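Heads up: the structure comes next, in structure tokens.
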Amino acid sequence: MKYTFSLDLPAGYRVQDVLAFHSRDSESVGEQVSPDAIRKGMLLGGVPVVLSAALPSGVCEADIDLPRARKVPAELARQIEAAAKNILGLHIDPAPFVAFARGDALLGPLAARQPGLRIVQSATVFEALTWAIIGQQINLSFAIALRRTFILQAGRQHKNGLWCYPEAADVARLEVDDLTSRKFSRAKAETLIRFAQLVAAGELDIEEREDNPIPTICKNLLAVKGIGPWTVNYALLRGYGYADCSLHGDVAIRAALQRLLGEETKPDMARTELILQQWQPHRTMAAAHLWASLADRPNESA
């Protein structure tokens, strides 16, 4: 079953940024990137979906493995379109940040060098949160390798061959040894499965709504053993498109600030937090520009 729709891409849309983010896994088990398109596999409501987004046209097509349905359910269509906006970086409008940064001595020149920079997100909140857990306290290349293993262990293969990123119910069925036998630390494996089981059982609500706002979500996430402030803030950025995430615990952010300030050592976490506070309520876009400033050091950016 096919579902086609179009998204309006803004003037000056940076196609290469989006392609680069989604092509970080050279083995491409869950994503395939060509010079003018992204294909992304995911499970949505238990249904395998491969989303194809043509760039820069913004035309999207979902190949949905739902053979007995006569039309795409409305909720599934909503989820597919939301995922497309996320992976194409359309959630946060960078214009307010650009206006804010123009008069800032540090951010102004940084923003001017990267006009139109956007935050590219994970397709779903669950993907962003599990990716944050996988990536915490390890380098990017190793995190990408673990993510690939995670998809192959918990995901499902679409009929066209691409692997779909798992949902909570899929991960909840894993045993810790399924991951520790494949280079996951026990702590990381236990956190992933514990988190997925809570979500799958309905004990942890990660969907943002009026009755479940971001502060409540953050409080509940921090109560989960193994999930700390960096993981939550990174998930806010990649999963929720929250505009004011403080990534003061991120090594790459500290490295970028060291370079920006012209200092010999990285600022510590406490000082980094103070520096970032002056850029409220635009700390998410500030983080994006700090990461972009390390483009010649790919293993330091997230």
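Would segment 172-189 turn up any residue that is at pLDDT 95 or above, part of a helix (DSSP H, G or I), closer than 24 Å to residue 248 by Cα and not assigned by TED's automatic domain parsing to the domain that holds residue 293? Yes. You will find that of 254, 271, the residue that is assigned by TED's automatic domain parsing to the domain that holds residue 111, buried (at least 21 other Cβ atoms within 10 Å of the Cβ) and over 17 Å from the mean Cα position of the chain (by Cα) is 254 and no other. Among the conditions (1) over 20 Å from the mean Cα position of the chain (by Cα); (2) surrounded by fewer than 20 Cβ atoms within 10 Å (Cβ to Cβ); (3) at pLDDT 95 or above; (4) more than 25 Å from residue 90 (Cα to Cα), residue 211 misses just one, which is (4). Can you confirm whether segment 70-78 contains a residue that is modelled with pLDDT of 95 or more, in contact with a Cys (Cβ under 8 Å, 6 or more places away or on another chain) and crowded, with 18+ Cβ neighbours inside 10 Å? Scanning segment 70-78, I find no residue that is modelled with pLDDT of 95 or more, in contact with a Cys (Cβ under 8 Å, 6 or more places away or on another chain) and crowded, with 18+ Cβ neighbours inside 10 Å, so the answer is no. Return the residue satisfying two criteria in turn: it lies in segment 251-283 and is assigned to a helix (DSSP H, G or I) and of a type in the set (S, T, N, Q), and of such residues it is farthest from residue 241 (Cα to Cα). Within segment 251-283, the match that is farthest from residue 241 (Cα to Cα) is 258. Please tell me if residue 196 is under 19 Å from residue 122 (Cα atoms), surrounded by fewer than 21 Cβ atoms within 10 Å (Cβ to Cβ) and in contact (Cβ under 8 Å) with a residue 60 or more places away in the chain. Spelling it out, it is not the case that residue 196 is under 19 Å from residue 122 (Cα atoms), surrounded by fewer than 21 Cβ atoms within 10 Å (Cβ to Cβ) and in contact (Cβ under 8 Å) with a residue 60 or more places away in the chain.
For segment 54-111, a tally of residues being acidic (Asp, Glu) and free of Cβ contacts under 8 Å to residues at least 40 places away in the same chain returns 2.
Scanning segment 216-231 for residues that are assigned to a helix (DSSP H, G or I), surrounded by fewer than 19 Cβ atoms within 10 Å (Cβ to Cβ), of a type outside the set (Ser, Thr, Tyr) and modelled with pLDDT of 95 or more yields 218, 219, 220, 222.
Where helices (runs of 4 or more DSSP H) sit wholly within segment 12-129, those with at least 2 residues that are closer than 27 Å to residue 204 by Cβ occupy 74-87.
The values are calculated or read from the model by the stated rules, or taken from the named source; none is laboratory data. The structure presented is a predicted model; accordingly, all values stated were derived computationally and were not measured. Positions of Cβ are generated from backbone atoms using ideal geometry, with glycine treated the same way; all protein chains shown enter the neighbour counts.
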